[in-house]
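Report on the structure given below.
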Amino acid sequence: MIVLDHRGFGRSIDTPQAGTEALALDVQAVLDFLGIERAHLVGQSMGGWAIAGFALRWPHRVRSLVMTDTIGGILDEVLRRQFHAYIASAGQTDPATLPLGYHPMISQGFTARRFDLALLRHQFGLLYPPPPESARRRLLGEIDPAAMRALDIPALLVVGSDDPIFPPSMIRRLARYFRHGRVRVIRDAGHSAHYERPGAWGRVVRPFVDAVTRNETA
């Protein structure tokens, strides 16, 4: 497994002038550097923009797509209206002012069940600087739904049942723009289903990837 930090996150420096296309180009650069010709791509939240954009440019290099808690910039009129409504409301909340254990990326139910892990997630947000404004702008990049539908790539769309950013209703609508897309909902999870319920997330994602791999060699 290979995990990359987006520009402005973790140990990756930011280049503010780089637009949405940089997300896909960064995936290409990492795969090229490691000598990987084809890969299963998993994108969570902003990562959905990265892998969807990569798939449009280099579909022959994508074995499968796992879009988790993300719409990846694939917007029709309804999805665009809902997404921009969230963007407008999210700008009014500073995570640093929230009570301990609460964070926009996790559900309140998770905070009640596992306050220790919720507090840890909250602390992550305090230890590192907030995402740069350039990252927010990159999320405004859009992908034509018809272009995505034309791709012959197996796709799994995973979403937490309590995701306030991209709720299951949005993900189910998004699924119509994948020729081979299927939706799986992780119960009792918010926008970070992989963090809140890693076991359930893995039991959904791993069999999908394994099945695609078997079908390639059948």
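Scanning the stretch 42-59 for residues that are under 15 Å from VAL159 (Cβ atoms) and free of Cβ contacts under 8 Å to residues at least 40 places away in the same chain, which turns out surrounded by the most Cβ atoms within 10 Å (Cβ to Cβ)?
The selected residue is GLY48.
Scan the stretch 149-160 residue by residue and report those that are of a type in the set (Gly, Ala, Ser), over 16 Å from ALA211 (Cα atoms) and assigned to a strand (DSSP E or B). I'd like the intermediate steps shown before the answer.
In the first step, residues of the stretch 149-160 are kept if they are of a type in the set (Gly, Ala, Ser); the result is 150, 155, 160.
Checking the rest, the ones that are also over 16 Å from ALA211 (Cα atoms) come to 150, 160.
Matches in the stretch 149-160: GLY160 only.
Restricting to the stretch 62-76, count the residues that are among the charged types (D, E, K, R) and farther than 13 Å from ARG184 by Cα.
As a first pass, look at the stretch 62-76 and keep what is among the charged types (D, E, K, R): 63, 69, 76.
Filter once more, keeping what is farther than 13 Å from ARG184 by Cα: 63, 76.
Adding up the residues that qualify gives 2.
Considering only the stretch 71-85, state which residues are out of contact with any strand residue (DSSP E or B) (no Cβ under 6 Å at 6 or more places or on another chain) and either assigned to a loop (DSSP other than H, G, I, E, B) or of a type in the set (A, V, I, L, M, F, W, C) (or both).
Residues of the stretch 71-85 that are out of contact with any strand residue (DSSP E or B) (no Cβ under 6 Å at 6 or more places or on another chain), as a first pass: 71-72, 75-85.
Those that are out of contact with any strand residue (DSSP E or B) (no Cβ under 6 Å at 6 or more places or on another chain) and either assigned to a loop (DSSP other than H, G, I, E, B) or of a type in the set (A, V, I, L, M, F, W, C) (or both): ILE71, GLY72, LEU75, ASP76, VAL78, LEU79, PHE83, ALA85.
Find all pairs meeting these conditions: Cβ atoms under 7 angstrom apart; at least six residues apart or on different chains; first residue within the stretch 103-116 and within 14 Å of GLY160 (Cβ to Cβ) and surrounded by 14 or more Cβ atoms within 10 Å (Cβ to Cβ); second residue at pLDDT 80 or above and among the polar types (S, T, N, Q).
Once the first residue is within 14 Å of GLY160 (Cβ to Cβ) and surrounded by 14 or more Cβ atoms within 10 Å (Cβ to Cβ) and sits in the stretch 103-116, its partners that are at pLDDT 80 or above and among the polar types (S, T, N, Q) give MET105/SER192; ILE106/SER192.
Can you pull out the residues in the stretch 30-53 that are part of a helix (DSSP H, G or I) and within 19 Å of the chain's Cα centre (by Cα)?
Pass one, the stretch 30-53, residues part of a helix (DSSP H, G or I): 30-34, 46-53.
Answer for the stretch 30-53, where residues must be part of a helix (DSSP H, G or I) and within 19 Å of the chain's Cα centre (by Cα): VAL30, LEU31, MET46, GLY47, GLY48, TRP49, ALA50, ILE51, ALA52, GLY53.
Exactly one condition in (1) crowded, with 19+ Cβ neighbours inside 10 Å; (2) over 10 Å from the mean Cα position of the chain (by Cα); (3) outside any helix (DSSP H, G or I) is not met by MET67; state its number.
So MET67 meets the others, but not (2).
Within the stretch 174-191, count every residue that is more than 9 Å from LEU157 (Cα to Cα) and crowded, with 17+ Cβ neighbours inside 10 Å. Show your work before the answer.
Taking the stretch 174-191 as the starting set, the residues that turn out to be more than 9 Å from LEU157 (Cα to Cα) are 176-180, 186-191.
Narrowing the set further to residues that are crowded, with 17+ Cβ neighbours inside 10 Å leaves 177-178, 186, 189-191.
Total satisfying the criteria: 6.
Can you pull out every residue in the stretch 192-212 that is under 18 Å from PRO167 (Cα atoms), out of contact with any helix residue (DSSP H, G or I) (no Cβ under 6 Å at 6 or more places or on another chain) and not polar (S, T, N, Q)?
Residues of the stretch 192-212 that are under 18 Å from PRO167 (Cα atoms), as a first pass: 192-197, 200-201, 204.
Still in the list and also out of contact with any helix residue (DSSP H, G or I) (no Cβ under 6 Å at 6 or more places or on another chain): 192, 195, 197, 200, 204.
TYR195, ARG197, ALA200, VAL204 - these are the residues of the stretch 192-212 that are under 18 Å from PRO167 (Cα atoms), out of contact with any helix residue (DSSP H, G or I) (no Cβ under 6 Å at 6 or more places or on another chain) and not polar (S, T, N, Q).
Evaluate the stretch 11-19: report whether one residue or more is at negative phi and crowded, with 17+ Cβ neighbours inside 10 Å. Step through it out loud before you land on a result.
Within the stretch 11-19, the subset at negative phi is 11-19.
Within this subset, residues satisfying the condition of being crowded, with 17+ Cβ neighbours inside 10 Å are none.
No, the stretch 11-19 contains no residue that is at negative phi and crowded, with 17+ Cβ neighbours inside 10 Å.
What number of residues within the stretch 161-193 satisfy the criterion of being assigned to a helix (DSSP H, G or I), more than 16 Å from ARG113 (Cβ to Cβ) and touching a residue at least 40 places away in the same chain (Cβ under 8 Å)? Can you show your working first?
Start the filter on the stretch 161-193 by keeping residues that are assigned to a helix (DSSP H, G or I), which leaves 168-175, 193.
In the following step, the residues that additionally are more than 16 Å from ARG113 (Cβ to Cβ) were identified as 168-175.
Subsequent filtering for residues that are touching a residue at least 40 places away in the same chain (Cβ under 8 Å) retains 170-171, 173-174.
Here the count works out to 4.
The values are calculated or read from the model by the stated rules, or taken from the named source; none is laboratory data. Because the structure is a prediction, the values reported are computed rather than measured. Using ideal geometry, Cβ is built from the backbone for each residue, glycine included, and neighbour counts are taken over all protein chains shown.
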